[in-house]
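The values are calculated or read from the model by the stated rules, or taken from the named source; none is laboratory data. Just so it is clear, the model here is predicted, and its values are computed rather than measured. In this analysis, Cβ positions are derived from the backbone assuming ideal geometry, glycine residues included, and neighbour counts consider all displayed protein chains.
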Amino acid sequence: MALKKYFPVFVLPTLLAFIIAFAVPFILGLFLSFTEFTTVVDAQWVGIANYVRAFSNDDFLNALWFTVKFTVVSVITINVIAFALASLLTKGLKGTNLFRTVFFMPNLIGGIVLGYIWQLIINGVLQFFDVTITYDPKYGFWGLVILMNWQLIGYMMVIYIAGIQNIPTDLQDASKVDGANRWQTLRNVTIPLVMPSITICLFLTITNSFKLFDQNLALTAGAPSKQTAMLALDIYNTFYGRIGWEGVGQAKAVIFFVIVAIISFAQLAMTRKREVEQ
Amino acid sequence: MKKILALFLCAVLAVSLAACGKKDDNNPSPNNAKAGSVYFLNFKPEVADIYKEIAAKYKEETGVDVKVVTAASNTYETTLKSEIAKTDAPTIFQINGPVGYTAWANYCEDLSDTKLYSYLTDKDLAVKNEKGVFGIPYVVEGYGIIYNNAIMEKYFALKDKAVSISKASEINSFEKLNAVVTDMTKHKKELGIDGVFASTSMSSGEQWRWTTHLASVPVYYEMKEDSDGSTIVSTLEENDIDFDYSQNFKKVFDMYLNNSTTQKGLLSSKSVDNAMAEFALGKAAMVQNGNWAWEQISNVGGNVVKAEDIKYLPIYMGIEGEEKQGLCIGTENYLAINKNASAEDKKASIAFLEWLFSSETGKDYVVNKLNFIAPFNTFKEDEMPSDPLAREILNWMNKDVNNLEWTFNSFPSQQFKEDFGNALLEYVQGSKDWSHVEKTFRNSWKSERQ
């Protein structure tokens with residue numbers, strides 16, 4: 001009874017925040033992608049013209065391809081390394097807590113700051129070869145991968161540690177008694193049982209890599225010649241950098257949303273199926 | 001315990017909700033609402049604090065509120081775009097010339113009947129068309145190659161110098177400049193410099209000295225060939241540029257690169273601030289920039305450049321008749337009034353600007369604090385800024401030389417400048433050759449004009 005009475009009191013603030021900060025801008029954004037405008041209040045309807053322009057824009061397609069490559073590489077490296085670290089740090093080694101803290105730390109630093117820090121580090125190293133990170137798009141690509149790994153590994157590691165610690169030891173003991181070697185234990189016992197963690201980690205890394213913006217802006221800003229610009233940065237540049245292209249930027253953002261939504265739902269559905277009951 | 005915690009959390013929620021509801025409005029006297037208020041979106045970060053001072057002073061004198069917001073370097077368009085959509089939109093904003101006007105035409109009030117427009121010494125400087133006057137320039141600026149005369153004198157005193165001239169002011173062509181610069185590079189140890197030119201800043205957002213200022217010179221000469229009128233207008237009408245003087249641009253650009261304090265490969269990490277600091281610390285003898293850079297030079301800690309040693313050279317490119325070439329003089333700072341603001345606010349905004357550029361107090365700020373060379377007839381001969389770069393500009397304006405117009409005001413778009421800058425970067429890093437730069441310049445110009 002009490003719950004029903006107080007229901008609006010507790011829900012209302014969040015609901016308001018959700019409507020103001022998410023629902024309204026989202027609908028407005030969707031509407032604006034079909035219009036031409038300078039500021040968001042003087043829009044004129046142009047139909048799907050913006051979508052046509054977005055898809056015939058080379059920058060957008062390049063950014064899309066670059067983002068896909070980046071996501072594939074970083075999702076694999078982040079999850080493999082994070083999982084390896086997590087299994088190491090659940091073995092009860094000395095100094096485990098210290099290491100967990102150290103690995104988690106980078107995640108507490110903001111993206112822009114991280115971007116600049118890594119720009120300094122990478123340029124510092126490349127200085128010996130008289131070049132900088134913007135010399136070749138490959139440098140920017142691997143710079144971004146390193147940066148992303150450094151930032152996300154700690155976070156994913158914590159999730160994996162929680163998952164691994166939840167596995168009842170009797171299952172592992174049983175597999176040992178059955179004569180399974182380490183690899184077999186990992187494949188047939190550990191991984192199926194940490195599947196919920198894998199689901200969430202994959203989801204987080206895929207969406208985070210796809211939506212990467214601050215780090216991209218701070219590290220390379222797309223240089224050289226926009227070859228290292230990812231989707232979010234390309235959208236930002238289209239919207240703010242080009243007069244008369246605001247609507248196209250908006251259309252790109254809608255396309256971007258659809259892509260991210262499809263990929264992450266597909267991934268969720270696929271990994272969910274593999275989760276097992278203990 | 002749980003109860004206390006719950007109470008505490010409720011209090012936090014209540015406070016934060018209240019904070020959200022509170023209007024962040026520093027308008028203590030509601031009476032002024034009737035008289036209108038001013039919201040000035042400032043373009044020049046280097047003088048942000050001075051505008052705050054001016055606003056406070058104006059409030060003290062007239063009681064009208066002036067809110068000054070400054071957009072961070074290179075984010076003016078972004079800030080303006082989001083600010084102007086608000087209910088509390090800027091009443092005074094800035095456009096960067098005829099190209100900026102086309103983007104903001106729906107927001108620019110006609111200023112032809114204002115006193116501010118009548119103050120203009122040269123009415124042709126304003127952004128206008130048959131419908132009215134929409135942008136009023138408030139500062140005249142100039143750029144060229146700034147040099148440190150102390151280092152130059154040290155060089156000309158050398159016994160084994162390879163040139164026959166004996167003063168930096170005798171340089172009047174690219175040939176002479178290049179000879180001096182190359183020879184200085186050979187003697188850089190004796191001169192105590194890392195390079196003749198400060199770093200050619202190529203990091204993202206820091207390429208404007210080349211993509212706008214330097215490129216303005218060859219475009220000026222190209223436009224001059226076809227017409228006698230304003231090159232700014234003919235640049236605006238040009239849809240298919242030839243970039244005839246591309247080799248001249250390349251010569252100067254190469255001179256900057258080959259005699260630089262920094263190796264080519266590392267230039268993409270350098271900013272304008274880096275370059276100005278190198279100059280201020282005496283590590284470089286020359287740097288291409290405008291008179292607004294004085295603030296930057298004088299504020300560098302450990303600055304060794306004396307005010308009386310700072311001089312200007314025109315950007316010589318080896319184009320015929322350049323002995324008579326002067327600095328590039330113009331402006332990209334035009335004030336516009338927001339058409340959609342309330343009538344009171346518009347009136348208050350114009351009154352504020354007129355006060356700033358015609359009252360004694362206002363003019364004092366403009367001349368001595370903002371260091372603007374104002375293009376208004378309200379300023380007397382002796383009411384000009386005293387900083388060395390502005391002085392030099394005034395000197396050059398009075399010389400019998402041909403000062404170049406800022407044709408880059410009419411460059412097609414920001415996108416064009418970025419494409420061009422990206423191509424330059426690839427040229428600097430050696431991954432593309434010069435023909436790629438030329439091609440990008442022509443193609444991007446053409447496609448951005450469509």
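Go through A:Phe22, A:Phe26 for me and flag whichever is modelled with pLDDT of 90 or more and under 17 Å from A:Val248 (Cα atoms).
Checking each option against the conditions leaves just A:Phe26.
Mind listing just one residue for me: the one in the stretch B:92-126 that is aromatic (Phe, Trp, Tyr) and crowded, with 22+ Cβ neighbours inside 10 Å and, of those, nearest to B:Ser37 (Cα to Cα)? It would help to see each step written out before you state the result.
First, pick out the residues of the stretch B:92-126 that are aromatic (Phe, Trp, Tyr): B:93, B:101, B:104, B:107, B:117, B:119.
With crowded, with 22+ Cβ neighbours inside 10 Å added as a condition, the list becomes B:93, B:104, B:107.
Details: B:Phe93: 14, B:Trp104: 22, B:Tyr107: 18 Å.
Out of the qualifying residues, it is B:Phe93.
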So B:Asp124 clears everything in (1) acidic (Asp, Glu); (2) outside the structural domain of B:Ile232 (by TED's automatic domain parsing); (3) in a loop (DSSP other than H, G, I, E, B) except one condition, right? Which one?
-> (3)
Helices (runs of 4 or more DSSP H) wholly in the stretch B:334-450 with at least 2 residues that are buried (at least 16 other Cβ atoms within 10 Å of the Cβ), away from chain A (no Cβ under 12 Å) and not hydroxyl-bearing (Ser, Thr, Tyr) - which ones?
-> B:343-358, B:360-364, B:388-398, B:434-448
Can we say A:Gly115 is surrounded by 18 or more Cβ atoms within 10 Å (Cβ to Cβ) and under 16 Å from the mean Cα position of the chain (by Cα)?
-> yes
Assess whether B:Phe243 counts as being touching a Pro at 6+ places or on another chain (Cβ under 8 Å) and in the same structural domain as B:Glu225 (by TED's automatic domain parsing).
-> yes
What is the residue count in the stretch A:123-173 for residues that are under 30 Å from B:Ser431 (Cα atoms), part of a helix (DSSP H, G or I) and without any contact (Cβ under 8 Å) to a residue 24 or more places away in the chain?
-> 10
Test: residue in the stretch A:213-227 that is away from chain B (no Cβ under 14 Å), loosely packed, with under 15 Cβ neighbours inside 10 Å and assigned to a loop (DSSP other than H, G, I, E, B) | no
Residue selected from the stretch A:228-247 under the condition touching a helix residue (DSSP H, G or I) at 6+ places or on another chain (Cβ under 6 Å) and hydrophobic (A, V, I, L, M, F, W, C), by the criterion farthest from the other protein chains (Cβ to nearest Cβ) | A:Leu231
Only one of B:Asn299, B:Asn338, B:Asn303 that is touching a residue at least 40 places away in the same chain (Cβ under 8 Å), of a type in the set (S, T, N, Q) and in contact with a helix residue (DSSP H, G or I) (Cβ under 9 Å, 6 or more places away or on another chain) = B:Asn338
May I ask you to say which residue of B:Gly282, B:Gly229 is on the phi > 0 side of the Ramachandran plot and either in contact with a helix residue (DSSP H, G or I) (Cβ under 8 Å, 6 or more places away or on another chain) or not in a helix (DSSP H, G or I) (or both)?
-> B:Gly282
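Step by step: first the residues of the stretch A:25-47, then only those that are without any contact (Cβ under 8 Å) to a residue 12 or more places away in the chain and within 14 Å of another protein chain (Cβ to nearest Cβ), then the one that is farthest from A:Ile243 (Cα to Cα). Which residue is that? Write out each step before concluding.
Our first condition is that a residue be without any contact (Cβ under 8 Å) to a residue 12 or more places away in the chain; within the stretch A:25-47, this holds for A:25-27, A:39, A:41-42, A:44-45.
If we keep only those that are within 14 Å of another protein chain (Cβ to nearest Cβ) too, we end up with A:25, A:39, A:41-42, A:44.
On the way: A:Pro25: 22, A:Thr39: 11, A:Val41: 16, A:Asp42: 14, A:Gln44: 15 Å.
Step by step, filter the stretch A:25-47, then rank; the result is A:Pro25.
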